[in-house]
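S.K.: Have a look at this one before I ask anything.
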Amino acid sequence: GIGRQGARHAEGIQHVSGVHRQLVEDGRRWGQHVSEVWRVMFVSGAYVIITVTFHVPIVYLVRELALAIADAATDGAVQADDSGWRSACWSAGYTASGCA
């Protein structure tokens, strides 16, 4: 008979039609589209919680990580000019440990 997965032959071999495959693919695409709003809300909420809790912008953390990787890869030859970032962080009332 015809079920959710398609027709079965007398030998029990399942045959999935092209229409069924297309419907399943379209359903998955639509499901991802519908759940996109919830994924965006989760990521935005996580960003706010992390930045508020640790008083450090994510962009700053990514920059520091990239500089640390570059510094390790070049055996300390990379020197970063932190004056703009750190002074802005200190003037906002954060401690050096909160920014570094």
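S.K.: By how many nm would the segment from S35 to A68 grow when fully extended, if each residue of separation counts as 0.36 nm and the alpha-carbon distance is taken off? Could the numbers behind the result be given before it?
M.R.: Numbers: separation 33, 0.36 × 33 = 11.88 nm, distance 3.60 nm.
So the chain would gain 8.3 nm between S35 and A68.
S.K.: If each residue of separation counts as 0.36 nm, what is the full-extension length gain between S44 and I58 once their alpha-carbon separation is subtracted? Let's see the in-between values first.
M.R.: Numbers: separation 14, 0.36 × 14 = 5.04 nm, distance 1.18 nm.
The span from S44 to I58 would gain 3.9 nm if fully extended.
Just so you know, all these numbers are worked out from the coordinates, no wet-lab data involved. All values derive from a computational prediction rather than experimental measurement.
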